[in-house]
Amino acid sequence: MQDLLNIMRRLRGPGGCPWDQEQTHESLRPYLLEEAAEATDAVGHPAELADELGDVLLQVAFHSVIAEQEGTFDYAQVEKNIVDKLVRRHPHVFGGAGVAGSEEVVRNWQAIKAAEREGKPRSAADRVPAALGALARETKAQKLAGQEKTGRGGIGAALTQAPDTEAGVAEVLGAVVAWARSLGIDAEVALRTRTAAALAALPDETL
């Protein structure tokens, strides 16, 4: 990791790369999203995943060096934060707590996470990242709202009642997400898999 950080420091330092020197946290947002998405797509293909995770790690180093130069934080702080968090949220491993299974681990994780906020409330919008895919955001929003998981019939009802408008389309998509939840299927992943297969079937572009 230090080699990667040193490379980024050189790229952003005197005599380095003009493009890298111009970047900010804000300008790198689309790259962070893209690299995370590409790493997700590579799951199931070990060689590709190793390469894509390197691109994600580059984004971590890039942001860390920018912050280091701005005097806000550095990579050591990034690493310490996640190490401390993992230890704190796994008292059944690093402390004396006991758990009966993974469900209790999740409950404890959420309770510890809430305690870390020291009682400060978070809005629903803060709990669902805006940068998530639309179907993934809808899934989380439905869970937060305690919305019922509905079967295929919910889609039929939505199709019948929804107007032929943007809001109507959104209503039907919401019903599809509720159906996927009832099946234990991640709607975002399912559609991404289908889209990837459809793209793979298209002919290559010719010059």
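Rounded, prolate or oblate: which fits region 129-207, taking a ≥ b ≥ c as square roots of the Cα gyration tensor eigenvalues, rounded meaning a/c under 1.5, else prolate when a/b beats b/c? Verdict is prolate for region 129-207. Distance from the alpha carbon centroid of region 30-49 to that of region 154-182 works out to 30 angstrom. Which lysines does LYS80 reach when only Cα atoms under 30 Å apart count, and residues fewer than 8 places away in its own chain are ignored? Cross-link targets: LYS113, LYS120, LYS140.
Whole-Hz Karplus values for region 13-26 come out as x, x, x, x, 8, x, 5, 4, 5, 7, 6, 10, 4, 5 Hz, taken residue by residue from phi with 6.51 cos²θ - 1.76 cosθ + 1.60 and θ = phi - 60°; glycine and proline positions read x. Computed from label points 7 Å out along Cα-Cβ, the spacing between GLU148 and ARG9 is 6.0 nm. The label point for LEU33 and the one for ARG127, both projected 7 Å from the Cα toward the Cβ, are 2.3 nm apart. For the chain, the membrane-span-like helices by this rule, meaning whole DSSP H stretches whose C-alpha atoms cover at least 27 Å of axis and whose Kyte-Doolittle mean is 0.0 or above, are 46-70; this says nothing about an actual membrane.
When only the Cβ of Lys, Arg, Asp and Glu is charged (+1, +1, -1, -1), the dipole of region 129-207 relative to its Cα centre reaches about 400 debye. Across the chain, C-alpha contacts under 8 Å between residues 6 or more apart give a mean separation that, scaled by the residue count, equals a relative contact order of 11 percent.
Note on MET1 and SER102: their simple-model spin labels are 2.6 nm apart, each label 7 Å out from Cα toward Cβ.
The numbers here are math on the coordinates, done by the rules we state, and not lab data. Owing to the predicted nature of the structure, the values given are computational and were not obtained by experimental measurement. Here Cβ is always computed from backbone atoms with ideal geometry, including for glycine, and neighbour counts include all displayed protein chains.
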